[in-house]
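Data block below; observations after.
Rule-based calculations on the coordinates, nothing more; no lab input. Quantities reported herein were computed from a predicted structural model and do not represent experimental measurements. Here the Cβ is made from the backbone with ideal geometry for all residues, glycine too, and neighbour counts use every protein chain on show.
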């Protein structure tokens, strides 16, 4: 029987335009057999939640390179609770400062992949939180 | 008799071996950072067929490969730039005054992401970003606060932004009764670049964006001839993900389309090109960057003369405004970025740029701290005064390797330019071809790092032990609170009849397809905000007022 793939929604919130990282991540996750929906830049929290529901994603990934991620993440998680989709695990990447990690965990962020994080860590996280396994090409191993 | 080694000794010996391997300085790559394969050495055969007068020329002579001016830095040093921008106009003003004390030449301002995209700071979805990565500047009133006491026909301000700043500055100058023909300053009116680096059609529609670039250049060439136009803004394209040759190819594609459209409006190459400057990056591969600047000047000169019929040397000799690459700087062990930025800065100087900003070492962490900004300034002062970077024009010219690499970068750039033009630039942007190229470049870059074919110190090799998190820039938010209150109050207090009249006129002009700049400027003088002006232009172009469809237009537009 065919293994069900992990479905991951990736998006950027706010007016941050530093999208190289998340676009590259989208491709690297596809290489590993993840079904990735990249929602693009400049999303509102409501837009992300609508997409989350429409796409029936297992995981939500956000990337930030600007300083306002605490606000945007808090607001999004709050709205996810109100929309009844708070069970979808959220992971963050980009320029996440180590000093902010406790506050983000406290809010309910499940995975934080700041500078120095590698694909294997992200892949392990995805398998862990979804209970599904990855079967794709794992040749990239940083 | 040898005793078998105890396990502890084995492990220590392995540690020593690993350490020896880890600290060694190795040749880990023979291709340039952009991927051009390099030979063991270069000699006369590699530059065979080159003609000095035809392909290089003296510095200051066509085709300007060796530099745009005969005496280069002996006649005029490069302009040391330090870009400042955070919080409210008052906050940025304070930052500018501090930067000037350090030795920055001139005033260089970056706007926040909202102002960069013509979105008002009270936007319900994005308000937290106001003032975060640059100065919040939504109205002429705010510009008056930021530049209080500064006469914009005597002191030029360099604006590191694309949308709305030019109409704002012209509006302020007109309001103050200044002579526009003397207006000084520069900005980067390249909307196609913005479309590509912002990454979507929603925020910056390709066709409307390009039309606005042409409008701006037409208006400026007719009314503010001393204003400089940073077009193309190739820095952002390069940072988004293209090789050195790709920076030239994309930038030239944008410039050529813009010049053709200007010619159709009766603005000839020699009326506008002398005001144009190339906004460039300087990445980490020293020789490749030097070659890029040289190849770029040659391509520019030949294009202007041979394809556009330029007869004015000022159109053909390219001025380059350079910012060292922020992308090449990394988060781990941030002080290493000082070494990177120094090499990038030296490459830009030996490549002959006219203005130069050195990225601060804390670029990957936050907006620059004062301490990091000072080090970036000192870097340029050391290169200028101690290293001898300014002593002679094109010091690497004549090197077999650098000449050969210049030819190679040029050939790659012209090849890609042909491919883009065969599709058509607008189509190649709208259908995702160019974004696809960029995404693929970044993907391959990452794969090469994963395979160890590309080493970035501290990232995929020589990874440092965990260290305390670097200090971040912060500023007192009280200026922003007052700024937001002032913005809301202005919206209530302004002359509503005048405002509606000017917005209505803007709508009519924008609908007609005429140059919208005069009407945009008039609306800004009547205290319309950037979001209102751009929103009205959008509606007139058949788009939603707010790109994000959160805010409804507060105006009733006339029936046409």
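Observations, loosely collected:
- Working from label points 7 Å from Cα in the Cα-to-Cβ sense, the residue B:465 to residue B:98 distance is 3.3 nm.
- Comparing mean-square fluctuations of A:81, A:32, A:23 from a GNM of chain A with C-alpha springs under 10 Å, the top value falls on A:81.
- The order of A:19, B:148, going from fewest to most other C-beta atoms within 10 Å of their C-beta, is B:148, A:19.
- Dividing the C-alpha radius of gyration of the range B:338-479 by 2.2 N^0.38 Å, with N its residue count, gives 1.38.
- The C-alpha atoms of chain B define a longest principal axis, and helix B:336-350 lies at about 70 degrees to it.
- Across chain A, the mean sequence separation of Cα contacts (distance under 8 Å, 6 or more residues apart), normalised by length, yields a relative contact order of 28 percent.
- With neighbours defined as other Cβ atoms within 10 Å of a residue's Cβ, the residues A:107, B:252, B:304 order from fewest to most as A:107, B:252, B:304.
- Distance from the C-alpha centroid of the range B:414-436 to that of the range B:32-93: 26 Å, rounded to the whole angstrom.
- The long axis of helix A:20-31 is offset from the longest Cα principal axis of chain A by roughly 30 degrees.
- The mean number of Cβ atoms from other chains found within 10 Å of a Cβ in peptide B:307-319 is 0, as a whole number.
- The residues B:65, B:79, A:73, when put in order of fewest to most other Cβ atoms within 10 Å, stand as B:79, A:73, B:65.
- Stokes-Einstein D (µm²/s) once Rh is taken as the Kirkwood radius of the range B:16-83 over alpha-carbon pairs, at 20 °C in 1.002 mPa s: 129 µm²/s
- Mean projection of the Cα convex hull over all viewing directions, computed for the range B:494-540: 2.6 nm².
- Translational diffusion of the range B:152-291, µm² s⁻¹ [Kirkwood Rh, Cα pairs; Stokes-Einstein; 10 °C; 1.306 mPa s]: 102 µm²/s
- The Rg/Rh ratio for the range B:1-119 is 1.27, where Rg is the radius of gyration of the alpha carbons and Rh is the Kirkwood radius.
- Kirkwood-Stokes translational diffusion coefficient of the range B:464-560, alpha-carbon pairs, 4 °C, 1.567 mPa s, µm²/s: 83 µm²/s
- Rg/Rg_ref, chain B, where Rg_ref = 2.2 N^0.38 Å and atoms are Cα: 1.03
- Using alpha-carbon coordinates, inclination of helix B:7-23 to the longest axis of chain B, degrees: 60 degrees
- Whole-angstrom Cα spans of the range A:7-130 along principal axes, big to small: 33, 33, 27
- Listed residues A:124, A:54, A:11, most fluctuating in chain A (Gaussian network, C-alpha, under 10 Å): A:54
- Rounded, prolate or oblate (a/c below 1.5 giving rounded, otherwise prolate when a/b exceeds b/c) for the protein assembly as shown by Cα gyration tensor: oblate
- Estimated from helical segments only, the mean residue ellipticity of chain B at 222 nm is -14500 deg cm²/dmol, where each DSSP H run of four or more residues counts as -39500 (n - 2.57).
- Label-reachable residues, the range A:22-44, where backbone N falls under 18 Å from a point 7 Å from residue A:135's Cα toward its Cβ: A:29-36
- Part-to-part distance (alpha-carbon centres) for the range B:479-511 and the range B:237-251, which is given in Å: 38 Å
- Summary value for chain B: 17 percent relative contact order, contacts being C-alpha pairs under 8 angstrom separated by 6+ residues.
- Span from the the range B:362-401 Cα centroid across to the the range A:41-57 one, whole angstrom: 44 Å
- Spin-label model distance (nm) - residue A:31 vs residue B:202, 7 Å beyond Cα toward Cβ: 2.9 nm
- Take every Cα pair under 8 Å whose residues are at least 6 apart in sequence, average their separation, divide by the length of the range B:322-370, and the relative contact order is 50 percent.
- Sorting the Cα pairs of the range B:63-118 by distance into bins of 5 Å, from 0 upward, gives 4, 17, 18, 15, 13, 11, 10, 9, 3 percent per bin.
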